[in-house]
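Colleague: Below: one structure in C-alpha cells.
Read the figures in this text as sums done on the coordinates, not as results from a lab. From a predicted model like this one, the values you see are computed outputs, not experimental measurements. Cβ atoms come from the backbone with ideal geometry, glycine included; neighbour counts cover every protein chain shown.
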Amino acid sequence: MNRRYSWFNITSLTLGFAFLYIPMIILVIYSFNASKLVTVWAGFSTRWYGELFQNEAFLDAAWVTLKVGLASSTLATVLGTMAAYVMVRSGRFMGRTLFSGMIYAPLVMPEVITGLSLLLLFISIGLDRGVLTIILAHTTFSMCYVSVVVSSRLASFDQSLEEAALDLGCTPFDAFRSVTLPIITPAVLSGWLLAFTLSLDDLVIASFTSGPSATTLPIKIFSAVRLGVSPEINALSTILISIVTFGVISASLISKRAIARQRREEQEALQV
Amino acid sequence: MAFDSGSAAFAPWEDPGQKPLISFKSVTKRFGNFTAIDNLTLDIFEKEFFALLGPSGCGKTTLMRMLAGFEAPSEGTIMLDGQDIGPIPPNKRAVNMMFQSYALFPHLSVADNIAFGLKRSDMPKSEIAGRVEEMLSLVQLSQFASRRPHQISGGQRQRVALARSLAKAPKLLLLDEPLGALDKKLRQETQFELMDIQEKTGTTFVIVTHDQEEAMTVASRIAVVNHGKLVQVAPPDRIYEAPNSIYVADFIGDVNIIKGLAKPESDNRYAIQWCENHAPIIGTSQHAFASDDICHFAIRPEKVSITRDRPTDRTNTMQGKVLEIAYLGNISTYHVELPTGQVIKAQQANNRRISRRSFTWHDSVWLSFTDTAGVLLSQ
C-alpha cells in the first residue's frame with residue numbers, strides 16, 4: 001500500500017499542483033489583505049469585497065457579462081444541438097465532410113481573426129456595438145463547442161429509439177422533443193455550461209465587438225490592471241473562481257451520482 | 001399431396017375469394033447500385049403469423065422496414081387493407097413494429113413506455129390507464145409497471161416491447177428478430193407465448209428471422225427469401241416436406257441430395273439413375289420430368305432407416321459403412337459412406353440406452369427408405 005505514496009509520487013504531485021494553483025492561491029489570499037498595497041500583507045480583512053459591491057462600474061460589467069453569458073450560451077446550445085443533429089442524422093451526402101469541417105473550424109481559428117471579422121461584419125451592416133453584438137459574437141464561436149459535445153453523444157445514440165417513436169405515432173419533431181432530447185439532455189447541459197464558461201472568460205472577441213455602452217468583466221479587469229493591480233480586482237477574481245469551482249464540482253457530482261444510480265439499478269435488475 | 005388437403009384449418013391463402021391484408025405488387029427496392037428487393041409480389045392475409053426467413057442481407061429486413069414506412073419502394077406498390085401505403089409516413093400507419101433492440105425509451109417507466117403510443121392516438125385520456133393495465137397483464141408484467149427499462153431483465157424488456165407495440169391494436173404487427181437476444185430456453189418459452197398472444201389479440205404478425213426453427217414453430221406461413229426474391233412461400237410442413245428447390249431443402253433443416261437422371265416409370269413414379277453399378281432409386285414426384293432429365297433426389301435424414309440386415313419391405317436399399325456418429329441425446333445422426341464415396345445422413349431416435357446402441361464406427365449397415373420418402377427437384 002505504501003508503494004503508492006513513494007517520495008517520487010508525492011513530489012510530482014506537489015510540483016504539478018503547485019504549478020497549477022499557486023498563482024490562484026496567492027490571488028485569493030491577497031483578496032483578504034487589509035492593505036491597499038497589493039504586495040504588502042497588513043492583516044485579514046474583507047473590506048475590498050465591501051468596496052467591490054460599491055463600485056458601479058464593476059457591477060455594471062458583471063451584469064453585462066452575466067446577460068451575455070446566459071443569452072449567448074442558450075443561443076449557442078440551440079444552434080449547436082441543431083447542427084450536431086443534422087450532421088449525425090442526415091447520413092452521407094455530397095460535401096458532408098466539408099460541412100462538418102466548417103462547423104468545427106472556429107475551434108482552431110485564432111480568436112483575433114474571429115473577432116476582427118465579426119467587427120467588420122457589424123460595421124458593414126451598421127449594427128451599433130453593444131450587448132447585442134457581444135451576444136452574437138459569443139454565440140458564433142461557442143456553438144461549435146456545443147455541437148462537438150452533442151454530436152459525440154448523438155453518435156452513440158440508438159437510432160431505433162427515434163424510429164420507435166415515429167412508429168408509435170410521433171411526428172419527427174415530436175420524436176425529437178419527447179425521446180431524443182430527454183436522452184441527450186446531459187450532453188446538451190454540459191454543452192451549455194461549456195459555452196457559458198467560454199463566454200464568461202472571453203476577452204479577445206469581446207474587446208472587438210463591445211462598444212462604449214457595454215463592457216464585460218474581463219475587459220474591465222484587463223483595463224483596470226493596466227493602471228496597476230488593485231485589491232478590488234483580487235476580490236472580484238476570487239468571486240469568479242468560486243463561481244466556476246462551484247459550477248464544475250456540482251456538475252461533476254451530478255453526473256457521477258447519475259452514473260452510480262444507473263449502475264446500482266442495473267445490478268438490481270440482474271438479480272431479479 | 002396428402003398434407004395440403006386440410007381445408008378446415010386456417011388457410012386463407014388457398015381461398016381465391018379472400019382479400020389480402022397486405023399485398024406487395026412488383027416491389028423493387030434499390031440502394032444505389034444494390035438491389036435489395038427484386039420485383040417481389042406477395043399477399044399476406046389477416047390473422048396470419050407470417051415469417052420472412054432468410055440469411056442476413058437477403059432483403060427480409062428491408063421488406064419489413066417498407067411495411068413500417070422507414071423505407072419507400074423504388075418501384076411497385078404496397079397495399080395495406082386496400083390502400084396504397086407508399087405516401088403515408090410511419091406515424092400515420094396502422095402498423096406497429098417491435099424492434100430487434102427493443103428500442104425501449106430509457107427515460108420512461110414500463111407503463112409510460114406502453115402508454116407512449118396511446119397518448120399520441122385519439123384514445124381519450126381516461127381510457128389510457130386501463131389499456132396500459134390490460135397490456136401489462138397480457139405480458140404478465142403488472143408488478144413492474146413503475147420500473148425503468150434498465151431495472152428489468154432481458155426477457156422482461158422483450159415483453160415490454162411487445163406490449164408497447166400491441167397497445168395501439170395495430171392491424172399489423174412487425175417483429176424484427178424479436179427473440180434474437182434471448183437465451184435458447186427462454187426463446188422457446190417465448191415462442192409459445194408469442195403464438196398465444198397472437199391468437200388472443202387476433203393481430204396479423206409478420207416476423208423477420210434467420211432462425212429456421214423459430215419460423216417453423218411460430219408461423220402459419222413462411223416465405224424463404226434470398227437475394228431479394230421469394231424462393232418459396234408455404235406453410236412450415238410444406239416448406240419442410242415439399243421444398244421447391246435445393247436451396248429451400250438445404251436452408252430448412254438437414255437433407256441428403258443425390259443427383260441423377262430421371263427415368264419415368266408410371267404416373268408420377270420415377271427411377272433415378274444415380275450410380276452406374278447400383279440399382280436406381282425409386283421415387284415419386286408431383287412435377288413431371290422427361291426421360292434423362294437431370295434431377296436431384298432430396299431426402300431428410302430422419303426418413304432414412306438404418307439397420308444391420310437388409311430390410312425386405314423397403315423399395316430402396318443401399319449398403320454402407322458408418323463414418324461418423326453425432327449423438328444429440330434424443331436422436332443420433334449417422335454419417336454412412338456408400339461404396340461410391342457418397343455420404344448419406346440417417347437419423348434414428350435413441351429409444352434405448354446408449355450401452356445397448358446397435359451400431360458403432362466402421363460397422364457395415366443397410367440404409368433404406370420408401371418410394372414416397374423423398375422429393376425430386378430440378379434445381
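Colleague: Over the Cα atoms, compute the radius of gyration (one decimal) and Dmax (the largest Cα-Cα distance, rounded to a whole number) for the range B:254-377, in Å.
Modeller: Computed over the Cα atoms of the range B:254-377, radius of gyration and Dmax are 14.9, 49 Å.
Colleague: Next question, about the same structure. Over chain A, with a Gaussian network built from C-alpha contacts below 10 Å, which listed residue (A:Val204, A:Val108, A:Val188) shows the highest mean-square fluctuation?
Modeller: Of the options given, A:Val108 has the highest mean-square fluctuation.
Colleague: Which one of B:Phe297, B:Phe49, B:Phe359 has the biggest mean-square fluctuation once chain B is modelled by GNM with Cα springs under 10 Å?
Modeller: Largest GNM mean-square fluctuation: B:Phe359.
Colleague: How large is the charge dipole for the range B:254-377, taken about the Cα centre, if only the Cβ atoms of Lys, Arg (+1) and Asp, Glu (-1) carry charge, to the nearest 20 debye? Display every interim value, and only then the final one.
Modeller: Values: 14 positive and 13 negative charges, 127 e Å.
Dipole of the range B:254-377, to the nearest 20 debye: 600 debye.
Colleague: Would you work out if the range A:55-237 is rounded, prolate or oblate? Take a ≥ b ≥ c from the square roots of the eigenvalues of the alpha-carbon gyration tensor; rounded if a/c is under 1.5, else prolate when a/b is larger than b/c, oblate otherwise. Mind showing how you got there, number by number?
Modeller: Numbers: a/c = 2.70, a/b = 2.01, b/c = 1.34.
Judged from the Cα gyration tensor, the range A:55-237 comes out prolate (a/c at least 1.5, a/b above b/c).
Colleague: So what J values fall out for the range A:53-60 if you push phi through Karplus, 6.51 cos²θ - 1.76 cosθ + 1.60 with θ = phi - 60°, rounded to Hz, Gly and Pro as x?
Modeller: 6, 8, 7, 4, 4, 5, 5, 4
Colleague: On a 0 to 90 degree scale, rounded to 10, what angle separates helix B:110-119 from the longest Cα axis of chain B?
Modeller: It is inclined by approximately 70 degrees.
Colleague: For the range A:145-272, treating each Cα as an identical point scatterer without solvent, what Debye log10 I(q)/I(0) comes out at q = 0.19 1/Å?
Modeller: After summing over all Cα pairs, the log10 values are -1.15.
Colleague: A further question on this structure: Pairs of alpha-carbon atoms within less than 8 angstrom and 6+ residues apart define the contacts here; what relative contact order does the range B:254-377 have, in percent?
Modeller: Details: 282 pairs, mean separation 36.9, N = 124.
Answer for the range B:254-377 is 30 percent.
Colleague: Kirkwood Rh, Cα Rg: Rg to Rh for the protein assembly as shown? Mind showing how you got there, number by number?
Modeller: Details: Rg = 36.8 Å, Rh = 31.6 Å.
That ratio is 1.17, to two decimals.
Colleague: For B:Met97, A:Met24, A:Met87, B:Met318, what's the fewest-to-most ordering of other Cβ within 10 Å of each Cβ? Walk me through the numbers on the way to the answer.
Modeller: Numbers: B:Met97 29, A:Met24 13, A:Met87 18, B:Met318 23.
The order, fewest Cβ neighbours first, is A:Met24, A:Met87, B:Met318, B:Met97.
Colleague: For all pairs of alpha-carbon atoms in the range A:192-241, what percent lies in each bin of width 5 Å, listed from the first bin to the last filled one?
Modeller: 5, 18, 26, 24, 19, 7, 1
Colleague: Setting aside same-chain residues fewer than 8 positions from B:Lys303, which aspartates and glutamates have a Cα under 12 Å from its Cα?
Modeller: List returned: B:Glu241, B:Asp254, B:Asp371.
Colleague: Relative contact order for the range B:109-158: what percent, with Cα pairs under 8 Å and sequence separation of 6 or more?
Modeller: Details: 29 pairs, mean separation 23.7, N = 50.
About 47 percent, as a whole number.
Colleague: Multiplying the sequence separation of A:Ile29 and A:Phe222 by 0.36 nm and subtracting their Cα-Cα distance, what value in nm do you get? Intermediate values should be presented prior to the final figure.
Modeller: Numbers: separation 193, 0.36 × 193 = 69.48 nm, distance 2.02 nm.
Going from the current span to full extension adds 67.5 nm.
Colleague: Take the residue pairs B:Lys119/B:Lys171; B:Lys25/B:Lys47; B:Lys119/B:Lys200; B:Lys184/B:Lys259; B:Lys168/B:Lys200; B:Lys19/B:Lys168 and return only those whose Cα atoms are more than 26 Å apart. All intermediate terms of the calculation are to be shown ahead of the outcome.
Modeller: Working: B:Lys119/B:Lys171 18 Å; B:Lys25/B:Lys47 20 Å; B:Lys119/B:Lys200 24 Å; B:Lys184/B:Lys259 36 Å; B:Lys168/B:Lys200 15 Å; B:Lys19/B:Lys168 23 Å.
Result: B:Lys184/B:Lys259 exceed 26 Å.
Colleague: Report the calculated FRET efficiency for A:Val112 and A:Val229 (r = Cβ-Cβ distance, R0 = 35 Å), to the nearest 0.05. Before the final figure, lay out the partial values.
Modeller: Values: r = 25 Å, r/R0 = 0.71.
E(calc), rounded to 0.05, equals 0.90.
Colleague: Which values, in whole Å and largest first, are the semi-axes of the equivalent ellipsoid of chain B obtained as the square root of 5 times each eigenvalue of the Cα gyration tensor? All intermediate terms of the calculation are to be shown ahead of the outcome.
Modeller: Details: eigenvalues 421, 134, 57 Å².
Largest first, chain B gives 46, 26, 17 Å.
Colleague: Give me the percent relative contact order of the range A:55-237, please, defined on Cα pairs under 8 angstrom at least 6 residues apart. Kindly include the intermediate steps, with their values, before the conclusion.
Modeller: Numbers: 202 pairs, mean separation 71.8, N = 183.
Value for the range A:55-237: 39 percent.
Colleague: Along the Cα→Cβ direction, 7 angstrom out, place labels at A:Ala42 and B:Asp15. What is the inter-label distance in nm?
Modeller: For the pair A:Ala42/B:Asp15, the computed spacing is 10.4 nm.
Colleague: Mind checking the mean number of beta-carbon atoms from other chains within 10 Å of the Cβ atoms in B:147-156? Spell out each step's value before the answer.
Modeller: Values: counts 4, 4, 1, 6, 9, 4, 4, 2, 1, 2.
Mean shielding count: 4.
Colleague: Give me the Kirkwood hydrodynamic radius of the range B:55-115, using the inverse of the mean 1/r over all pairs of distinct Cα atoms, in Å to one decimal.
Modeller: Details: mean 1/r = 0.0742 Å⁻¹.
So the Kirkwood estimate lands at 13.5 Å.
Colleague: When a/c is below 1.5 the answer is rounded, else prolate if a/b is larger than b/c, else oblate, so apply that to the range A:1-126 with a ≥ b ≥ c taken from the square roots of the Cα gyration tensor eigenvalues.
Modeller: Taking the square roots of the gyration eigenvalues as a ≥ b ≥ c, the range A:1-126 is oblate.
Colleague: Using θ = phi - 60° and the Karplus relation 6.51 cos²θ - 1.76 cosθ + 1.60, list the HN-Hα couplings for the range A:195-208 in order, rounded to whole Hz, with x at every Gly or Pro.
Modeller: With coefficients 6.51, -1.76 and 1.60, one gets 4, 4, 4, 4, 5, 4, 10, 6, 10, 5, 5, 4, 6, 6 Hz.
Colleague: While we're looking at this one, here's another question. Taking the alpha-carbon centroid of each part, what is the distance from the range A:58-91 to the range B:79-133 in angstrom?
Modeller: 35
Colleague: Right, another one. Long-range amide H contacts for B:Asp363: which residues qualify at under 5 Å (H placed 1.01 Å from N, peptide plane, sequence gap of 5 or more or a different chain)?
Modeller: B:Val322
Colleague: Now, a different point. Does the range B:35-84 come out rounded, prolate or oblate, given a ≥ b ≥ c as the square roots of the eigenvalues of its C-alpha gyration tensor, rounded meaning a/c under 1.5 and, failing that, prolate meaning a/b above b/c? Write out the running numbers ahead of the final one.
Modeller: On the way: a/c = 1.79, a/b = 1.15, b/c = 1.55.
It is oblate, given that a/c is not under 1.5 and a/b is not larger than b/c.
Colleague: Of B:Lys185, B:Lys263, B:Lys29, which is the most mobile in a GNM of chain B whose springs link Cα atoms less than 10 angstrom apart?
Modeller: It is B:Lys185.
Colleague: From the gyration tensor of the Cα coordinates in the range B:153-248, what semi-axes in whole Å does the equivalent ellipsoid have, largest first, with each one equal to sqrt(5λ)?
Modeller: On the way: eigenvalues 125, 46, 29 Å².
Listed largest to smallest, the semi-axes of the range B:153-248 are 25, 15, 12 Å.
Colleague: Using θ = phi - 60° and the Karplus relation 6.51 cos²θ - 1.76 cosθ + 1.60, list the HN-Hα couplings for the range A:73-86 in order, rounded to whole Hz, with x at every Gly or Pro.
Modeller: 5, 5, 4, 5, 5, 4, 5, x, 5, 4, 4, 4, 4, 5
Colleague: Okay, moving on. Per the helix-only calculation at 222 nm, which mean residue ellipticity applies to the protein assembly as shown, given -39500 (n - 2.57) for every DSSP H run of n ≥ 4 and division by its residues, nearest 500 deg cm²/dmol? If you can, show how the numbers build up before the last one.
Modeller: Values: 20 runs with 286 residues, N = 651.
About -14000 deg cm²/dmol.
Colleague: With no solvent and one equal point scatterer placed on each C-alpha of the range B:86-245, evaluate the Debye formula and give log10 I(q)/I(0) for q = 0.08, 0.09, 0.13 Å⁻¹, two decimals.
Modeller: Debye output, listed in q order: -0.26, -0.32, -0.65.
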